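Novice: Can you keep this structure in mind? I'll have questions shortly.
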Amino acid sequence: MDAEDLLLREFLGIRGERETHLAANWIRSQQRDDGSWAVFHGGDGDLSTTIEAYTALRLAGDSSGADHMGSARTFILAHGGIERARVFTRIWLALFDLWPWDELPALPPEIMFFPSWVPFNIYDFACWARQTVVPLSVVMAMRPRRPLDFGLDELRVGARPAAPRRGLRTRARRMALLDSAARLYGKAAPRVVRRAALRRAERWILARQEADGSWGGIQPPWVYSLLALQLLGYETDHPVMRAGLDGLERFLVHDRDVRRLEACQSPVWDTALAIIALADAGVPADDSALVRAADWLLGEEVRVPGDWAVRRPHVPPGGWAFEFANDNYPDLDDTAEVILALRRVVHPQPDRVEAAIARGLAWALGMQSADDGWASFDADNTRGSLRELPFSDFGEVIDPPSADVTAHVIEMLAREGHGSQPAVKGGLLRLSDWQEADGSWFGRWGVNHTYGTSAVLLALEAAGVPRDDPRVRRAVRWLEDHQNADGGWGEDPRSYEDPAWIGRGPSTASQTAWALLGLHAAGQRSAAAERGIAWLASTQRRDGSWDEPEFTGTGFPGDFYINYHLYRLVFPVMALGRWCGDGTSVERATHRPQAVREPAEGER
């Protein structure tokens, strides 16, 4: 993303010397010994990331003959060269005439005309992919070329581009035929239709810019929307462009002589988890810090319909999003955790809390998918054939229900007194179906089975599933079997692609805490839990936090991972608070409005 930030600024004509220097310093600092760049701490080298980093450093003035560039080039050539890079990397190169547009998959903007019931319409894509596909359809239709003063022939091996990575061979062939048909159409598209499609895409992009200037609060749709709008005639001083670029500045982190770009920011998620952690640790429910945090969360409630309403038009809006500003895309994960957090606080305006929770509950219930599970952003976003499109090699492109999100929603609904509802009963059956043969659950948004298993155990406990239930006992056995010799737990992101890594990795504070939370929910007061608690106690820093360079958050399984800087703190505090507290259960610690009164003037 730091490389793409420099490439974006070069394309827009706004790349400055100072920002280039700082970003290049950061990129160089992350190079691995074998010359490559990885997508997560401790991971293997990634070809596409290495190509983009190499290109950005060439843009920054690094000579192709420099030692670090030579080692990067050796890695790239050994892994297939530019020809084996992902489609998105080759799109970036095509912008600068370093790759031919004709050798990229088709993405015609006419998909904007597809109604929501037609296969491959934009609402079949997950929200993050949808927000990326629409602006990219503009870019790929307009095919800009802005040559640089260097080439990348030294990174070519002369092979054919990579074949589709995923899917059954027969389906992949069908998708290749569909791509060929779209290419033919692109060459003969009626101009009037193409212009109308571009106008519709332009309106769609503009309508989804958030108050902070972003698109979805995440990097990919943000940068591609800026590219598309610039090609449609929006200069960098246009208010829309200015807001977008100013917003990107707020995602930049400066540290001494480097500058890096955050993929996203997660204040709603972080604040909800922090409230729960502090409450677990014994901070009083009326503490001013908790009240202020709850008050901020109430102000972040989403009260307008977004893209989710295409599939659920009769569901009233409610819930919470992940970022500072993302009214188009609230999500079920944040909504569940925010409601759980609000119940841990005695707020001076109980009616306001109850109203927000009621709206969040109604929205969550209305967003249950047909299979009785819950996804993150949409309901029934499950068209798996989209994964096989030649274009779709950049990560997950749909948003099917997952065990971890379903578990968080069930935990919230059960603690709100809805455990006997058909929605919860159906969700519990779905969780049973999703339990792996070894007793664990897959983690979609956290790495990986450790996260999923912990989330489900918390949901089962909240829903009143007995602790001697076979599902619970098998999950406990899996956690205990995967404890590291040092007493902690860890799981490497490679577990998403290589089963040998499932439940394996260096111990981390967040993953150890997840395991302890799961064991606590299962009532497993065992030697394994004692060793996990001891590991957290012995590895705590003097400032109260824990070291955790590992990436334990997941964006796209197998492709994109996140280091949440608060995970190393909130989850250990949660786990230690529950294990070492006075025995007060989470259920008894929740707060209902009957006992709350408005404080007198000056009472606080």
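The values are calculated or read from the model by the stated rules, or taken from the named source; none is laboratory data. Values in this document were obtained by computation on a predicted structure and should not be read as measured data. Quick reminder, even Gly has a Cβ in these numbers, built from the backbone with ideal geometry, and neighbours come from all protein chains shown.
Novice: So which of W374, W363 is in contact with a Pro (Cβ under 7 Å, 6 or more places away or on another chain), in the same structural domain as A285 (by TED's automatic domain parsing), more than 15 Å from A459 (Cα to Cα) and of a type in the set (F, W, Y)?
Specialist: Every option except W363 fails the conditions.
Novice: With respect to A437, determine if the residue is over 19 Å from A513 (Cβ atoms) and more than 25 Å from the chain's Cα centre (by Cα).
Specialist: Against the criterion (over 19 Å from A513 (Cβ atoms) and more than 25 Å from the chain's Cα centre (by Cα)), A437 qualifies.
Novice: Just one of A509, A459, A521 is under 22 Å from W579 (Cβ atoms), among the hydrophobic types (A, V, I, L, M, F, W, C), free of Cβ contacts under 8 Å to residues at least 60 places away in the same chain and surrounded by 21 or more Cβ atoms within 10 Å (Cβ to Cβ); which is it?
Specialist: After applying the criteria, what remains is A459.
Novice: Might you let me know whether region 502-518 holds any residue that is under 30 Å from P220 (Cα atoms), aliphatic (A, V, I, L, M) and in contact with a His (Cβ under 6 Å, 6 or more places away or on another chain)?
Specialist: yes
Novice: Could you count how many residues in region 429-454 are part of a helix (DSSP H, G or I) and among the polar types (S, T, N, Q)?
Specialist: Qualifying residue count for the region: 4.
Novice: Here's something else I'd like to know. Among residues belonging to region 259-270 that are at pLDDT below 95 and of a type in the set (A, V, I, L, M, F, W, C), point out the one that is farthest from D327 (Cα to Cα).
Specialist: The qualifying residue farthest from D327 (Cα to Cα) is L261.
Novice: Something else now. Of everything in region 332-356, what is among the charged types (D, E, K, R) and touching a residue at least 60 places away in the same chain (Cβ under 8 Å)? Give them in sequence order.
Specialist: Passing the criteria: D333, D334, E337, R343, R344, D351, E354.
So that you can scan it fast, the table gives a plain yes or no per residue for (1) surrounded by 22 or more Cβ atoms within 10 Å (Cβ to Cβ); (2) touching a Lys or Arg at 6+ places or on another chain (Cβ under 8 Å); (3) not acidic (D, E):
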site	(1), (2), (3)
V315	no, no, yes
W320	yes, no, yes
A325	no, no, yes
V346	no, no, yes
D351	no, no, no
A362	no, no, yes
D378	yes, yes, no
T382	no, no, yes
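Novice: Can you tell me how many residues in region 263-293 are touching a strand residue (DSSP E or B) at 6+ places or on another chain (Cβ under 6 Å) and not in a strand (DSSP E or B)?
Specialist: 1
Novice: Looking at the structure I just gave you, is V353 out of contact with any strand residue (DSSP E or B) (no Cβ under 9 Å at 6 or more places or on another chain) and either under 21 Å from G446 (Cβ atoms) or in a loop (DSSP other than H, G, I, E, B) (or both)?
Specialist: When the stated conditions are applied, V353 does not pass them.
Novice: Would you check if there is a residue in region 200-210 being of a type in the set (S, T, N, Q) and modelled with pLDDT under 85?
Specialist: Checked region 200-210: no residue is of a type in the set (S, T, N, Q) and modelled with pLDDT under 85.
Novice: Same structure, new question: Tell me the residue from W441, W363 that is modelled with pLDDT of 95 or more and touching a His at 6+ places or on another chain (Cβ under 7 Å), please.
Specialist: W441 is the lone residue from the list that is modelled with pLDDT of 95 or more and touching a His at 6+ places or on another chain (Cβ under 7 Å).
Novice: Answer yes if at least one residue in region 268-278 is of a type in the set (D, E) and either in contact (Cβ under 8 Å) with a residue 40 or more places away in the chain or touching a helix residue (DSSP H, G or I) at 6+ places or on another chain (Cβ under 6 Å) (or both), and no otherwise.
Specialist: Yes.
Novice: Let me ask something else. Here are I111, I82, I122, I76: which of them is β-branched (V, I, T), closer than 30 Å to E491 by Cα and touching a residue at least 12 places away in the same chain (Cβ under 8 Å)?
Specialist: I76
Novice: Do you know which residues across region 1-41 are among the small types (G, A, S) and either on the phi > 0 side of the Ramachandran plot or buried (at least 17 other Cβ atoms within 10 Å of the Cβ) (or both)?
Specialist: Scanning region 1-41 gives A3, G13, A23, A24, G35, S36, A38.
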